[in-house]
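The values are calculated or read from the model by the stated rules, or taken from the named source; none is laboratory data. Quick caveat: nothing in here was measured; it's all calculated off a predicted structure. Heads up, the Cβs are rebuilt from the backbone with ideal geometry, glycines too, and the neighbour counts pull from every protein chain shown.
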Amino acid sequence: MSDTHQKEIDQLSGVETTGHEWDGLKELNNPLPKWWLYLFYATIAWAVVYWVLYPSWPLISSYTTGVLGSSQRAEAIAAYEAGVAGRSEFADKIVAASLDEISSDQELRQFAMANGQAAFGDNCAPCHGTGGTGFIGYPNLQDDTWIWGGTMDAIQTTLLYGIRSDYDDTRFGDMPAFGADEILSDEEIDQVANFVASKAGLETDDGVDLAAGETLYIDNCAACHGDALEGIQELGGPSLVSANYLYGKSLDAIKTQIHNPKNGVMPGWVDRLDPATIKSLTVYVHSFGGGQ
């Protein structure tokens, strides 16, 4: 780049140059387009008008309020307060209504679904998935396998007090560690696991005594899971013949769970969410289709 500091007339265009030259290219001293200048002047004029009409200039402890006294901050606060007031009105109705009344009232159900969806995304989705499909170790809320029951009342109780949480009314039902605590031998665990797998439609190991496994099941497992492996919801004993297993449906997963079971924990929300949100979540979760 070079700067000749000498203006001249460009031979091709007949326009005076600015005296600047870059790699043999000389800058022409063309005037700015008039439309661009007019637009630039208009923006300056608008800025002056804006300074007069609206808040604009900061002061030491405040700011100029403008002739109109308008404030987007004040408008946003007013809109927020109006929204809170409107939500409060519906929230009070949700609290006063029963779950069946909320479900049957179109206006209340619409509010509960919207409120519940927002609360689910903020509090439940990290474990149960955005659509409630769950993961290994986290229940799928769209299927028909409900350990503690899928009615709206059962869902609400689970939401309020959680599973194995610190609340006195929590859902609680631990499975013993039959292997880790040496309640059953490895051979016995293989027998009962293969018996359960056979009833669940899974392949079993060759040469395992399934009759012995059935006896072990009746003696150690039926009290919580039922004589027919159907599960007992009042005790939190999952069905062992359902299509879904919480910790994986395979023979190896069954053996692992019998030997040293995973007993998951869900927090209670009674002290974390307001009653209207708890009820809204109940209606929303029940709407997934797996509820009873």
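For ASP252, state whether it is within 21 Å of LEU184 (Cβ to Cβ), assigned to a loop (DSSP other than H, G, I, E, B), modelled with pLDDT of 95 or more and among the acidic types (Asp, Glu).
Criteria not met by ASP252.
How many residues does segment 187-201 hold that are surrounded by fewer than 17 Cβ atoms within 10 Å (Cβ to Cβ) and either not in a helix (DSSP H, G or I) or not charged (D, E, K, R) (or both)?
Residues in segment 187-201 being surrounded by fewer than 17 Cβ atoms within 10 Å (Cβ to Cβ) and either not in a helix (DSSP H, G or I) or not charged (D, E, K, R) (or both): 2 in total.
Check GLY179 against each of (1) part of a loop (DSSP other than H, G, I, E, B); (2) within 30 Å of LEU99 (Cβ to Cβ) and name the one condition it does not meet.
Just one mismatch for GLY179, condition (2).
Quick check on ASP174: is it modelled with pLDDT of 95 or more and assigned to a loop (DSSP other than H, G, I, E, B)?
no
Go through segment 135-162 residue by residue and tally those that are without any contact (Cβ under 8 Å) to a residue 60 or more places away in the chain and either buried (at least 19 other Cβ atoms within 10 Å of the Cβ) or touching a Lys or Arg at 6+ places or on another chain (Cβ under 9 Å) (or both). Spell out the reasoning first.
First pass over segment 135-162, keeping only residues without any contact (Cβ under 8 Å) to a residue 60 or more places away in the chain: 135, 153, 157.
Filter once more, keeping what is either buried (at least 19 other Cβ atoms within 10 Å of the Cβ) or touching a Lys or Arg at 6+ places or on another chain (Cβ under 9 Å) (or both): 157.
Selection size over segment 135-162: 1.
Restricting the search to segment 243-258, which residues are surrounded by fewer than 17 Cβ atoms within 10 Å (Cβ to Cβ) and either touching a residue at least 60 places away in the same chain (Cβ under 8 Å) or among the β-branched types (Val, Ile, Thr) (or both)?
Those that are surrounded by fewer than 17 Cβ atoms within 10 Å (Cβ to Cβ) and either touching a residue at least 60 places away in the same chain (Cβ under 8 Å) or among the β-branched types (Val, Ile, Thr) (or both): ALA243, ASN244, TYR247, GLY248.
If only one of PHE90, PHE40 is of a type in the set (Phe, Trp, Tyr), within 30 Å of ARG109 (Cβ to Cβ) and not in a loop (DSSP other than H, G, I, E, B), which one is it? Steps first, answer last, please.
Numbers: PHE40 fails: within 30 Å of ARG109 (Cβ to Cβ).
PHE90 is the lone residue from the list that is of a type in the set (Phe, Trp, Tyr), within 30 Å of ARG109 (Cβ to Cβ) and not in a loop (DSSP other than H, G, I, E, B).
If ARG171 passes every condition in (1) surrounded by fewer than 19 Cβ atoms within 10 Å (Cβ to Cβ); (2) touching a helix residue (DSSP H, G or I) at 6+ places or on another chain (Cβ under 7 Å); (3) charged (D, E, K, R) but one, which one does it miss?
(1)
For segment 59-74, does any single residue satisfy the condition of being more than 24 Å from TYR284 (Cβ to Cβ), at pLDDT below 95, among the aliphatic types (A, V, I, L, M) and in a helix (DSSP H, G or I)? Working first, answer last.
Here is the first cut: in segment 59-74, the ones more than 24 Å from TYR284 (Cβ to Cβ) are 59-74.
In the following step, the residues that additionally are at pLDDT below 95 were identified as 59-74.
Still in the list and also among the aliphatic types (A, V, I, L, M): 59-60, 67-68, 74.
Now narrow it down to the ones that are in a helix (DSSP H, G or I): 74.
Yes, some residue in segment 59-74 is more than 24 Å from TYR284 (Cβ to Cβ), at pLDDT below 95, among the aliphatic types (A, V, I, L, M) and in a helix (DSSP H, G or I).
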